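The values are calculated or read from the model by the stated rules, or taken from the named source; none is laboratory data. Nothing here was measured: the structure is a model prediction, and the numbers come from that model. Don't worry about glycine lacking a Cβ; one is built from the backbone with ideal geometry, like all the others, and counts go over all protein chains shown. For accessibility, only protein heavy atoms count, side chains too; no ligands or nucleic acids. Shrake-Rupley method; radii C 1.70, N 1.55, O 1.52, S 1.80 Å.
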Amino acid sequence: MSENEASAAEGPGEAAEIRDASPTDTPDSSSPTAPDSLTDVAPTRKARRRPETITAAEVEETPKAEEQPAKTTSESTVSQGGWGYWGSWGKSILSTATATVATVGQGLTQVIEKAETSLGIPSPTEVSAQVEEEQKQQGSSPADDAGSEKDKAVGDGSSAVGSAMGMLSSLTSVVQSTGKTVITGGLDALEFIGKKTMDVIAEGDPGFKKTKGLMNRNATLSQVLREAKEREELQTAQTEMSESEKKVVAHYGMLFDEFQGLSHLEALEILSRESESKVKSVLTTLSGDKRVQLREELDHIKESFSLVEFDDEEVDEKKDEDGSEFDRDISEALEGLSVSATANKLSKACKNACSQITHMTQPEKEEEESEGDGNKAASVEEVHAAAIRSLAELTARSIELFHKLAETILFSSSSTDASLLSQLTVVLCKEISLLSKKFTSCLTTAGSNEKGDVLNPLITGVFLEASNSASYIQDAFQLLMPILEISHIQRRAESSEQ
Amino acid sequence: MTAAPYNYSYIFKYIIIGDMGVGKSCLLHQFTEKKFMADCPHTIGVEFGTRIMEVHGQKVKLQIWDTAGQERFRAVTRSYYRGAAGALMVYDITRRSTYNHLSSWLTDARNLTNPNTVIILIGNKADLEAQRDVTYEEAKQFAEENGLLFLEASAKTGENVEEAFLEAAKRIYQNIQDGSLDLNAAESGVQHKPSAPQGGRLNADSQPAKEGCSC
């Protein structure tokens with residue numbers, strides 16, 4: 001029983017130590033600049049109105065010269081109607097990654113509505129309409145070079161939007177609490193939306209006291225998510241709602257928990273923490289060259305966790321109508337890793353989402369001419385609820401998959417290639433991005449008769465939760481790093497014994 | 001998942017431990033789904049289940065960690081014991097070996113959880129009386145000697161399954177009420193949500209149920 005005692009004794013000390021190194025750690029250096037810039041910005045914001053008149057068609061007419069890649073510098077954004085204001089401090093806020101998470105389920109609708117009416121930011125309807133436009137373009141143009149065609153569409157459509165996004169594209173790497181650049185290229189739209197919410201937080205929280213508070217606690221991802229869920233539960237319990245309303249209101253955090261996403265995340269965090277402390281203790285027992293050598297080997301593993309590229313532009317909405325491609329990609333990424341049961345759950349969740357989209361899109365197309373809310377056509381609230389639910393399920397299943405992978409890696413003696421895992425992360429994030437695009441265009445169709453102030457918050461909500469979903473998945477991926485490290489050390493020890 | 005009640009006031013973390021094939025996952029499935037799962041795949045690492053039940057008039061959410069019984073997972077599953085408020089230690093009444101291993105499971109449970117963790121011993125497959133290999137009496141005695149709650153149950157028929165989870169929950173709740181379980185301790189395995197709307201008022205004279213348990 002000596003082993004038991006040893007692990008029990010290890011216990012409490014570990015926890016305290018690791019908490020400091022939790023992935024939500026953020027560089028302190030970035031935050032102090034924020035409050036100053038805030039005072040600059042506040043009056044500007046109040047004066048600015050959302051450019052209601054800009055429609056997708058008008059956006060279309062803007063010069064092709066605007067065809068900048070998403071990586072626009074902040075200088076160029078300054079020239080574009082004052083976006084530079086945001087550029088100057090947006091980054092510093094966003095680098096406090098916890099802010100993203102802090103907004104989960106926090107009366108989002110109001111927050112976003114406020115954002116949209118008070119900020120001079122093109123509405124999500126436009127963004128979303130643009131996506132549809134792209135689709136058409138792509139459909140009509142000969143498929144000689146679909147990729148570049150799409151690039152162009154993005155450039156065209158987003159002269160105003162695009163520059164804002166471009167400015168934000170550099171944020172992807174900071175949005176992840178761990179600071180690793182898993183996804184470098186894309187998710188522009190998602191960030192764009194997330195940024196808006198951030199602004200509103202800034203408005204309601206001058207000096208970012210709350211946000212800083214969050215950071216100081218060094219909360220783990222599961223803690224933050226749990227708190228978000230509890231807030232939602234409280235809201236649900238306190239708000240008197242009719243039954244019909246209850247059905248359509250979707251709470252991401254609560255759904256994520258229902259799909260056991262929180263539990264799996266918590267379990268994964270436990271394994272990650274324990275592995276991390278084991279790695280540390282192994283390193284302290286080594287000395288001299290041996291230590292240097294092991295460090296090098298571990299650095300090699302670490303590299304695989306920071307060099308993943310995900311190009312959002314490759315995400316093609318037309319693709320993968322029924323989720324079968326995702327199924328294939330997943331099985332490919334997981335080949336040789338024995339977690340088929342969990343992978344199947346994930347594929348099923350994805351197929352389910354795809355068939356929901358198909359289901360919600362079809363009757364609407366057939367009855368496009370008929371006025372009013374036919375029974376067959378899904379309401380915007382229903383589409384929104386389905387979207388949030390699908391995102392929550394897919395994310396929970398993704399976390400579950402990472403958790404199962406962690407367990408499998410820990411007890412199997414075979415080596416697991418970190419690049420496989422990063423590939424998997426890319427596949428998952430792409431799927432999240434793809435789904436959010438599909439759902440929002442579905443929303444746009446379903447809400448063609450709705451006013452902007454009904455539709456916009458819903459679309460924004462979907463993009464925001466998709467952005468959060470992608471962050472959670474990437475954070476979960478990062479949790480695997482110490483697990484691969486300790487697995488490597490164990491294999492090393494085994495081979496040297498022989 | 002519709003109209004789920006979210007107004008529970010406590011969350012208890014449970015773990016289910018015991019040899020492979022004693023029916024841990026089936027007990028959980030019977031408890032959460034009220035169905036018997038005939039072909040249950042081997043659990044890898046840990047799986048989860050949740051259910052809200054009423055304990056002395058309070059809504060309590062049980063978050064159950066169903067661990068893998070296979071020896072090769074043991075190193076991994078030990079990581080999950082910490083912070084459990086309750087532990088279901090399961091053996092199979094038709095296989096003596098699963099009973100014989102209990103002391104090893106108990107050692108793990110004691111070492112890796114806190115002193116207040118409530119452990120309930122469950123003799124599963126009570127429906128298979130004809131193949132019984134472990135008597136009720138000896139198991140009860142083992143439980144008494146080690147200060148465990150004890151029940152024989154059947155995941156197949158559902159007999160005593162609900163009770164098993166409930167008995168442990170009652171004991172945990174009792175420990176909270178008499179102050180022996182400190183909710184502020186990091187590893188208590190209990191989360192209290194004072195802000196949640198309260199259910200029925202707790203009666204000070206509520207009797208701790210004694211039927212079928214060896215306390």
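Among residues of the range A:376-413 being within 13 Å of chain B (Cβ to nearest Cβ) and outside any helix (DSSP H, G or I), the one that is least open to solvent (accessible area, probe 1.4 Å) is A:Ser412. Annotation: of all residues in the range A:439-474 being of a type in the set (D, E, K, R) and at pLDDT below 90, the one that is surrounded by the fewest Cβ atoms within 10 Å (Cβ to Cβ) is A:Lys451.
Here A:Ile483 clears all of (1) closer than 19 Å to A:Ile301 by Cα; (2) surrounded by fewer than 24 Cβ atoms within 10 Å (Cβ to Cβ) except the condition numbered (2).
Candidates A:Gln293, A:Gln235, A:Gln260: the one that is modelled with pLDDT of 90 or more and within 11 Å of chain B (Cβ to nearest Cβ) is A:Gln260. Of everything listed in (1) on the phi < 0 side of the Ramachandran plot; (2) more than 14 Å from every other protein chain (Cβ to nearest Cβ), the single unmet condition for B:Gly158 is (1). Please tell me if B:Ala139 is over 15 Å from the mean Cα position of the chain (by Cα) and surrounded by 13 or more Cβ atoms within 10 Å (Cβ to Cβ). Answer is yes for this residue. Per the conditions (1) touching a residue at least 24 places away in the same chain (Cβ under 8 Å); (2) under 30 Å from A:Ser495 (Cα atoms), the sole criterion not satisfied by A:Phe411 is (1).
Return yes or no: is B:Leu112 crowded, with 17+ Cβ neighbours inside 10 Å, away from chain A (no Cβ under 14 Å), out of contact with any Pro (no Cβ under 6 Å at 6 or more places or on another chain) and hydrophobic (A, V, I, L, M, F, W, C)? It is false that B:Leu112 is crowded, with 17+ Cβ neighbours inside 10 Å, away from chain A (no Cβ under 14 Å), out of contact with any Pro (no Cβ under 6 Å at 6 or more places or on another chain) and hydrophobic (A, V, I, L, M, F, W, C). Go through the range B:42-101 and count every residue that is outside any strand (DSSP E or B), within 14 Å of chain A (Cβ to nearest Cβ) and of a type outside the set (D, E, K, R). Number satisfying all stated conditions: 17. Against the list (1) facing another protein chain (nearest Cβ under 10 Å); (2) open to solvent by less than 30 Å² (accessible area, probe 1.4 Å); (3) at pLDDT below 90, the condition A:Leu255 fails is (3). If we keep just the residues of the range A:263-287 that are within 8 Å of chain B (Cβ to nearest Cβ) and either surrounded by fewer than 20 Cβ atoms within 10 Å (Cβ to Cβ) or free of Cβ contacts under 8 Å to residues at least 12 places away in the same chain (or both), which is farthest from A:Leu410 (Cα to Cα)? Once the filter is applied, the top-ranked residue is A:Ser263. Exactly one residue out of B:Asp133, B:Asp92 is crowded, with 20+ Cβ neighbours inside 10 Å, acidic (Asp, Glu) and out of contact with any Pro (no Cβ under 7 Å at 6 or more places or on another chain), and it is B:Asp92. Annotation: of all residues in the range A:485-498 being of a type in the set (A, V, I, L, M) and in contact with an Asp or Glu (Cβ under 9 Å, 6 or more places away or on another chain), the one that is farthest from A:Ile409 (Cα to Cα) is A:Ile489.
Once the range A:419-453 is narrowed to residues that are assigned to a helix (DSSP H, G or I) and charged (D, E, K, R), the residue that is farthest from A:Ser469 (Cα to Cα) is A:Asp453.
Condition test on A:Ala406, is it in contact with a Cys (Cβ under 6 Å, 6 or more places away or on another chain) and under 30 Å from B:Ser79 (Cα atoms)? Considered against the rule, which asks whether it is in contact with a Cys (Cβ under 6 Å, 6 or more places away or on another chain) and under 30 Å from B:Ser79 (Cα atoms), A:Ala406 comes out as no. List the residue pairs whose Cβ atoms are under 8 Å apart, where the first residue sits in the range B:183-199 and is farther than 14 Å from B:Ile52 by Cβ, the second is modelled with pLDDT under 50, and the two are 6 or more positions apart or on different chains. Note: pairs meeting the criteria are B:Ala186/A:Pro12; B:Ala186/A:Ala15; B:Glu187/A:Pro12.
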